[in-house]
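Right, one structure below, let's go through it.
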Amino acid sequence: MRPLFFIIATFLISGYAYSADANQATLDTILAEIRALNEKVSSLESRLAQYEENAEIAAEVSLAAAAYAAKNPPPKGSKDKWYESLRIELRKADVRASGAWTIPETWARVALKMSPEEAVAILGEPMLKKFSLRKDTDEIFIYQGDLDGTGNPIKGEIRIRHNRVAKIVVPNF
């Protein structure tokens, strides 16, 4: 009778251990799925923020177009000059909506030895980032646009060296 008791007790204990291992495997699978879902949600949130930012820019440009059309109704005769003026106003509004870099006062807030993230927080995202082969510059942030709509773009640069602002080239407003 005693050996039968030990066999049944061993069987029950091993069954419980197997059940605990199965539960742990199921829990690990659930946690992995939750991590994957969290990463996907984070990715989707960043994509949504980018789309919302672009929508704000489009809204600013359309408001500028509506304001121009309200101030300057199209003429009754030839409309070529009116459409050209509207095109220039839209181009100017598009560039001005591209960030705070279009305002001269914001360039005064950027300082040497500032981190690149701080400079971008002040000026907005650059139009172009270039890596440099020069010894005094690692990366160049380029801010460029046609602010007056004449076809002559202005350009400003932030030069980065060792993850710090090393040189500031303010646009010629």
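A few points about this structure:
- Residues considered: Gly77, Gly124, Gly99. Of these, the only one that is in contact with an Asp or Glu (Cβ under 7 Å, 6 or more places away or on another chain) and either small (Gly, Ala, Ser) or at pLDDT below 85 (or both) is Gly99.
- Check on Ser115, more than 28 Å from Ile158 (Cβ to Cβ) and hydroxyl-bearing (Ser, Thr, Tyr): no
- Scan of the stretch 116-169 for residues that are of a type outside the set (D, E, K, R), surrounded by 15 or more Cβ atoms within 10 Å (Cβ to Cβ) and in a loop (DSSP other than H, G, I, E, B), ordered by number: Gly124, Pro126, Met127, Thr137, Leu147, Gly149
- Scanning the stretch 89-110 for residues being in contact with a helix residue (DSSP H, G or I) (Cβ under 7 Å, 6 or more places away or on another chain) and either acidic (Asp, Glu) or not in a loop (DSSP other than H, G, I, E, B) (or both) gives a total of 11.
- Residue within the stretch 71-86 that is closer than 19 Å to Thr150 by Cβ, surrounded by 15 or more Cβ atoms within 10 Å (Cβ to Cβ) and either in the same structural domain as Arg161 (by TED's automatic domain parsing) or touching a residue at least 40 places away in the same chain (Cβ under 8 Å) (or both) present: no
The values are calculated or read from the model by the stated rules, or taken from the named source; none is laboratory data. Being a predicted model, the structure only gives us computed values, none of them experimental. Glycine also receives a Cβ, built like all others from the backbone with ideal geometry; neighbour counts cover every protein chain displayed.
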